[in-house]
Each structure stands twice: as C-alpha cells, then as structure tokens.
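One structure is given here, and the rest of the page talks about it.
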Amino acid sequence: MFRAHKKIQSFGEVPVTQTKKEKKGTVSEFFALLSRGLMLPISMLPIAGFMLGIGSAISTELGAQSVAWDVVGQFLFRPGRVVFACLPGLFAMSIAMVFTKESGPAAVCGFLGWILFNGFQMALIVSNSDDSHDFLFYHFNGDADGDNLFNAVFTSNLGIQSLSTSVFGGIAIGTIVAFLFNKFSNIQLPKLIGFFSGVRFVPVISFGVIAVVSLLFAVAWPEIGIGLFNFGKLMTKAPGGLNSFAIAFMNRALLPFGLHFLITTTVNYTIVGGSFDLMGNAIAQYDGVYYRIGSATSQNWATLFNVSTSEGTTLFGENNIQWFLITVVGKPYDLYTMDGTLAHSSVPLTFDMIYKGVGAPTSIGGKGAITFMPGQYTSGASSVIMFCLPAACFAMLSCVPKGDNRKLAGSMLISSAFVSFLTGITEPIEFTFLFLAPWLFWGFHAVMYGVAAMINTMFCLWTPIGPHVVGADLLDNVFYSLMPDIRGGGGNLWVTLVIGITMAPLYFFMFRWAVLKFNLATPGRGVNSHLISKKEYQAAKQQGKSIAQATSDNTKGDASGKRMSITKAIEVIKAYGGLENITDIGACFTKLRVSIKDKEKVNKERLIELGAQGVIYPSPKSAYAIFGTEADVLKGMMRKVKDDPSLMGSIETKTNDGGK
C-alpha cells in the first residue's frame, strides 16, 4: 500500500486541486527548498578552498626544500580537491534530503542514484583506437578545431567517465530520488518479498527509474552540453565586459526573491561559467609571445601540474577553475619557444599568462579561443562588499541626529559594516534600503554592483575570488588574491582596493542625499531603530504596511551570546502558534524556515521581540523569520521540543505580554 497523503504535501505528493495562490506558494516553497539544498554542500567549500590555498602554498614554497613539507601541503590540498570533485554527488544527496524533511536514508538513496546515473552512462561510451569516441548515435573526433568536445561534454565523476552534467545532474537526480522516497518509502509489499518494503524499496525502484533517466540524458545532454560550452565561450567574448555586468546585476537584482543562488551556482559550477581542458597543451603568453611551459616539447596541463585526471579532465565553472589556478599560479617555470629553445628561466606563472595561453592559435596547439576568464563574474563583488556597503552604513549614520539614537544606530551600523567587510554578509544592509527606497537598491546598488564587475573585465584586471558562500570579503581576498600576489601570481588585489576606494564616496554621498532628500527612516531616524531584513521587507510589502508598522525594536531578543536556551525555542514555537500549528522546521544561514498550517496563528510581533529582524510568508503554509546566525541552532532546539512535546510543559517560560 502506498503512503496516505498528508495535509501538508511532501515533494512527490500532489493535491487534487490548487488555487492560483496555492500554486504560487508551492512554487515558492520548491525554490526555497532547492536553494537550501544547494547551500548545504556549498557551505563546505570555504573550508575546502582554504585547504587548497594553504596546502598549495606550503607545497610551492616549502615542498622543494623538504619532502615532509610537501607531504603536509598535499595532505591539505588533496582532500580539498576531492570535495570539489564530489560536488555534484553532494548536491544529489543534499537535495534528496531537504525535499524529504532531512531524511538520512533519502540522502543515501540520492548518492546511490548519482552513482547509478553515471554508471549507466559509462557503459555507453566506446573509445576507438584513433582517440575518437562514440556515445549512442554521437561521434566525437577528438580535438577538432581546437575544441575537444568529448572533454567538454564528458568528465570523470567520482572516477566514473560519464556526462558532465555537473550541478544540473545533481539537482535532477536529487529531486527524482526525493519524489520516489516520498512516494514509496512506506509501501507494503507481499510477504514473499516483504524484506524490500518501506525505505528499502526506494533503492530498488531507483535502479529502474535512474536507468531511464540516464538514457534520456544520454540522448539529449551531448547537444545541451555542446550548446552550453559554446554559450560559455560566447559569454567570455562579450564586448566591454557586458557579460560580467549582466551576471553581477542579476545576482543583486534577484536577491530579494532568493533566486540569486541559481545564477551564481550556474556560473560558478557549470560549463556556463567557462571551461579549462586539463588535457590541452600547456602554453602561456608572456610579453605578447606564446611559449611552452616547463618543457621543450608539448605537454598537457595535467602533466605540467602533476594533476590526476581521475577526478576529471576538464574543469567547469568559474569557481572550479579559479581554485585550480590559485593552487598553481606563482610557481616558477622555464618558458620555451615553439621550436624548443629556452627563452626565459624561472618565470612565475600568472592568471593572465595561463588564460591567454589557453586561447593560443590552434596552429601552435592552443584552443584558438578564450574559454574562461579568471574572476570575470565575481571580482567586482569585493569592491562593493568591502568598501561601498560600509560607506552606505556610514552615510546612514551621518544622517542620525546627535543623542541616544545615534549611539544605538552607530553600534548597529558600524558592526554591520564590519561584518560586511570581514565576512561578506550584506543582507541586513541591503534589505534596509531595499525596504526604504527600492529604486536605491535596483536603480543604483544593483547597477553599481554590475559596473564594478564590468570594469574588472573590461580592463582584464580580474581579482580572483575563491569558493565562497556569502560574499567576496576580506578573508576571500587574503587567501585568493593576496597570497597569489605574494607568490607573483598576479592576484591583482590592488584592483579591488582602487575600485572600492573610488566607488565608496559615490555610495556615501548617494545614500546621504537619498536619506536627507526623502527623509528615509534609516536606523536611528524616526521610529526605526534596527536594520531591516529580507523577511521584514517582503512582509510589509505584502501587507501594505508603512515602515512604522513593519519594524520594531530589535533589542529585546537574546543578545547575550550565550548558548541557545531551549526556553527561547519554546517561546518561538508558541509564537508560531504552538506545536499543533507547525508541520516542519528548517533553517538556512540566517532564516528560520517553518512550515505551518495557519499563518493567522503566527505572532509576528512576538517573534520580533524574541530577536527576529522580520517575518514574511512566502506561501500560505510557510512563515520565515530572520534570527541571524542563531537560526540553525534555534532550528535544532525547536526540533528537540517537537520530538519531545513534554518539554513544553516541563519548562517554565515567559508569557507573551504583547499578544497579537
């Protein structure tokens, strides 16, 4: 028997009828869960990236002096690279998990589905003696016209040669497995085969379904992959840095809707963000002349850098290419002319030398076209996040009259500016002026965000940024720009400083003018005393409230910095209408995401008293509150109470004096 439908549908359970509003809410919840599924693996990348950067630096600087230091460097470097190589599989696991209310067995099935997906495709690849390959009715001639399309369409996934579907494949398999899990995890089979009932039936049916899905991808993906490969090259050739402007602008413009991660994930981890064929000839451009690197005869990049291709022969996406380049730039190599004559000794490789060398003419072994540009979509972000948004904070502070309000506003704005500079968390700043003056967000901030990226690309002054989660901050720049600069790799950190220092006054005077001209109720002015969040912005917009109605004093929450109390979790549950009104509890970096039965029972004012910066309702069955970095801890405490309802009565809690 199949599992009966619940009142709140899981992914894979479709209600008989839905109103237009309910359908909109379902779509919104789907993308919210998808974003959450993408962010879980991505949240591991900063640590993996730091391991790559530090490990590479140790191997480069100290490895030649001592085998022990080289082992230490490789001990850090290799695990970091494996994390990136496993990213699509991690996406499949994570997405399967979040769409099944964080079920561990579903995550295992997601990973199994990913392995099957690649294994079925591997069986269809036929390698010929002339280095060509056949795949169903497709034939790949190898390095035709400078582009090895086989390496552009196929790669090594966990050691399995298969289609390079990257993030797209991970999302597809994760969602399919989640659907199967929600549909069949409670199935009851006849006693003869009863062992496979319930959760154990999901892997069984996954074999058949994934086989069909693999065949569908085998038929369609080669054309899609070649199309994305050509699109990525076309984007790279866009005149005047328009490609960088478009991606950076959309990144900010989609922030209020929570869809910006779809843009960044696509360019960072798929072929749309560029490609680097490790089997291509290692050629560099130095002083306008092309040279072979490290050898008088031709050798590929994988051989030059001693890279195992078992993890993939082609790198896809801006972040994947950047982390690799960051580990190799600054290393000194001899440069040879095309006839094998030594021309320059011990020249440190730079980002610029490598990317231009990849685009060398096909007549000398190059690709004949630039297939990537390091940092073209992310480099401008540092200038805005580290300098411009803090300048906006100081502009808002300068507009606050002297007195107690100025002291309070100063503590909030200065700390927010520092957090933006150090960690790249910009949401409290951006959503404050998005709420107060939408034209200032979309008409100025999003545009300037794009302009900063465009300037970098227009003048070929990219500042590489590593695999970050929330932003291009000081830590990113130290590891991925300053360290390559120190090694002579051309990290161009000075570009970030020049653009940021140049644009910061524009932000300061524009924001100061806007606040004074339109009497904006920024922190410390009028009734507003705190920064506004995405949730609060959307809630006020939906309810047609003014800022006075939509904001509240945020000093009543738990700011002690002590370990999260279960008492607070109980109070939050009460504010959500009690356990009987809550169907699911989740969280991302700053948002507590709660699925509910009746939003009318949610006490928004009480949530704000408890420390939330705002509350919105992305759908009739969801209520999200921003609790900052404590959201995930609060989620865990609330789940503990939900699993043991007796805790609600065993702990004396505060009463809600505010009411609704």
Could you check, for segment 418-441, whether at least one of its residues is in contact with a Leu (Cβ under 7 Å, 6 or more places away or on another chain), within 19 Å of residue 516 (Cα to Cα), open to solvent by 30 Å² or more (accessible area, probe 1.4 Å) and not β-branched (Val, Ile, Thr)? yes
State the number of residues belonging to segment 64-74 that are open to solvent by less than 50 Å² (accessible area, probe 1.4 Å) and either without any contact (Cβ under 8 Å) to a residue 12 or more places away in the chain or among the aliphatic types (A, V, I, L, M) (or both). 1
Residues that are within 21 Å of residue 326 (Cβ to Cβ): list the strands (runs of 3 or more DSSP E) wholly contained in segment 215-313 that include at least 3 such residues. 275-277, 283-286
Members of segment 245-279 that are open to solvent by 10 Å² or more (accessible area, probe 1.4 Å) and over 19 Å from the mean Cα position of the chain (by Cα): 277, 279
Would you please name the residue that is nearest to the chain's Cα centre (by Cα), looking only at residues in segment 609-639 that are part of a helix (DSSP H, G or I), closer than 20 Å to residue 425 by Cβ and of a type in the set (A, V, I, L, M)? 631
When you go through (1) open to solvent by 10 Å² or more (accessible area, probe 1.4 Å); (2) not in a loop (DSSP other than H, G, I, E, B) one by one for residue 373, which number turns out not to apply? (2)
Any residue at all in segment 253-262 that's without any contact (Cβ under 8 Å) to a residue 40 or more places away in the chain, of a type in the set (Phe, Trp, Tyr) and on the phi < 0 side of the Ramachandran plot? yes
Every residue in segment 383-417 that is surrounded by fewer than 20 Cβ atoms within 10 Å (Cβ to Cβ), under 16 Å from residue 515 (Cα atoms) and within 30 Å of the chain's Cα centre (by Cα), please. 394
Would you check which residues across segment 585-604 are surrounded by 17 or more Cβ atoms within 10 Å (Cβ to Cβ), touching a residue at least 60 places away in the same chain (Cβ under 8 Å) and within 18 Å of the chain's Cα centre (by Cα) and list them? 588, 590
When only residues in segment 376-424 that are under 21 Å from residue 264 (Cα atoms) and among the polar types (S, T, N, Q) count, which is modelled with the highest pLDDT? 383
Just to be sure, is residue 178 at pLDDT 85 or above, within 22 Å of residue 221 (Cβ to Cβ) and within 27 Å of the chain's Cα centre (by Cα)? yes
Hey, can you tell me all the residues within segment 357-395 that are among the aliphatic types (A, V, I, L, M), out of contact with any Lys or Arg (no Cβ under 8 Å at 6 or more places or on another chain) and farther than 23 Å from residue 460 by Cα? 364, 389, 391, 392
Working only within segment 75-97, note down all residues that are open to solvent by less than 10 Å² (accessible area, probe 1.4 Å) and closer than 22 Å to residue 175 by Cβ. 87, 89, 91, 92, 94, 95, 96
Output for segment 226-241, where each listed residue is touching a residue at least 60 places away in the same chain (Cβ under 8 Å) and either under 13 Å from residue 273 (Cβ atoms) or in contact with a strand residue (DSSP E or B) (Cβ under 7 Å, 6 or more places away or on another chain) (or both): 229, 232, 233, 236
Checking residue 286 against (1) in contact with an Asp or Glu (Cβ under 8 Å, 6 or more places away or on another chain); (2) more than 30 Å from residue 434 (Cα to Cα), which single condition isn't satisfied? (1)
Only listed residue being at pLDDT below 75, under 25 Å from residue 236 (Cα atoms) and surrounded by 22 or more Cβ atoms within 10 Å (Cβ to Cβ), chosen from 489, 466: 466
Scan segment 52-63 and tell me whether some residue there is among the charged types (D, E, K, R), open to solvent by 40 Å² or more (accessible area, probe 1.4 Å), touching a residue at least 24 places away in the same chain (Cβ under 8 Å) and not in a loop (DSSP other than H, G, I, E, B). yes
Taking segment 186-202 only, how many residues are part of a loop (DSSP other than H, G, I, E, B) and without any contact (Cβ under 8 Å) to a residue 40 or more places away in the chain? 3
Which numbered condition trips up residue 138, out of (1) aromatic (Phe, Trp, Tyr); (2) within 19 Å of residue 280 (Cβ to Cβ); (3) over 26 Å from the mean Cα position of the chain (by Cα)? (2)
Could you check segment 9-52 and list, in sequence order, the residues that are modelled with pLDDT of 65 or more and of a type in the set (Asp, Glu)? 29
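The values are calculated or read from the model by the stated rules, or taken from the named source; none is laboratory data. In this text, all values refer to a predicted model and were calculated from it rather than measured experimentally. Quick reminder, even Gly has a Cβ in these numbers, built from the backbone with ideal geometry, and neighbours come from all protein chains shown. Each accessible area value is taken on the protein alone, full model and side chains, heavy atoms only, with ligands, DNA and RNA left out. Shrake-Rupley method; radii C 1.70, N 1.55, O 1.52, S 1.80 Å.
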